[in-house]
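> Here you go, one structure.
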Amino acid sequence: MGGTSGTHDAALDIRGVRVLPGWLDADEQAALVARLRDVAREAPFFRPETPRGKPMSVRMTAAGRYGWVSDRRGYRYEPRHPSGVPWPPIPDEVLAVWRAVTGLDRAPDCCLVNWYGEGARMGLHQDRDEADFAWPVVSVSLGDAALFRVGGTERGGRTASVWLRSGDVAVLEGESRLAFHGIDRIRHGSSSLLQQGGRINLTLRVVD
Ligand code: MD6
Ligand code: FE
């Protein structure tokens with residue numbers, strides 16, 4: 001997985017975020033999508049609301065001990081899908097990416113699955129609902145390319161942007177662990193990986 005073939009493009013440093021372009025080859029990407037279909041069968045995609053009651057443009061589901069949810073009660077991790085079923089286990093292929101890029105023995109507790117259809121975006125935010133920010137957050141991009149913006153740890157500072165393409169992996173670690181980041185737009189139709197089109201982003205986190 002992302003290493004068995006030997007060669008990789010050089011890693012990029014985008015304001016402390018480690019971006020690994022083309023980490024997954026086409027076959028690895030297709031295998032991941034197949035496993036994510038299994039996840040979505042057990043834990044269907046849903047559209048979360050912000051705490052203020054505004055529907056988010058991204059559809060979500062999750063795998064692992066915890067899933068991240070948002071509704072009028074706030075943002076939080078929950079051990080169950082809104083339907084009441086436990087989240088399915090994180091697929092082995094996803095865990096292998098985490099191990100390869102972090103070198104950690106500790107597995108992530110949550111694999112959040114975000115699906116961006118046409119027009120979906122993700123406002124600038126920090127990932128800070130976890131107990132210990134010493135653990136990195138790993139993200140895997142599948143499908144259409146996305147313009148990823150990264151700033152510093154204060155809202156309103158200077159930002160830098162990079163296109164994340166299918167198979168790219170990004171790691172928020174060290175100084176960038178609490179960086180503001182978001183997705184400004186998706187280049188719709190730029191990839192044929194997903195039958196329904198759009199983009200899937202996985203984010204892997206240690207929660208507690
Ligand atoms: C996305 N990513 O790529 C949104 N969070 O669709 C995130 O919010 C994110 O890429 C934490 C770490 C890496 C990320
Ligand atoms: Fe995030």
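Read the figures in this text as sums done on the coordinates, not as results from a lab. Remember, predicted model here, so these are calculated numbers, not experimental data. Neighbour counts run over all protein chains shown; Cβ positions are idealised from the backbone, glycine included.
> Compute for region 86-208: radius of gyration divided by Kirkwood radius, i.e. Rg/Rh, restricted to C-alpha atoms, rounded to two decimals. If you can, show how the numbers build up before the last one.
Details: Rg = 14.3 Å, Rh = 15.0 Å.
Rounded to two decimals, Rg over Rh is 0.95.
> Can you give me the distance in nm between label points at E118 and A131, each placed 7 Å from the Cα along the Cα-to-Cβ direction?
4.4 nm
> Next question. What are the GluC sites (Glu not before Pro) within region 77-163 that DSSP puts in a loop, where the Cβ has at most 13 other Cβ atoms within 10 Å?
Working: sites: E93, E118, E130, E154; in loops: E118, E130, E154.
Qualifying residues, ordered by number: E118, E154.
> Now for a separate question. In nm, to one decimal, how far is the R185 label point from the E78 one, both placed 7 Å along Cα→Cβ?
Those two pseudo-labels are separated by 3.4 nm.
> Per 10 Å bin, what is the whole-percent P(r) computed from every C-alpha pair distance within the chain?
Pairs per bin, as whole percents: 9, 37, 42, 12, 0.
> Along the positive direction of the dipole of region 1-61 (beta-carbon charges: Lys, Arg +1; Asp, Glu -1; about the Cα centre), which of A11, M56, V39 reaches farthest?
M56
> About its Cα centre, how strong a charge dipole does region 1-64 have in debye, to the nearest 20, once Lys and Arg get +1 and Asp and Glu get -1 at the Cβ?
For region 1-64, the charge dipole is close to 520 debye.
> Can you figure out the FRET efficiency of S192 with L147, using R₀ = 30 Å and their beta-carbon distance, to the nearest 0.05? Walk me through the numbers before you get to the answer.
On the way: r = 19 Å, r/R0 = 0.65.
My answer for the efficiency is 0.95.
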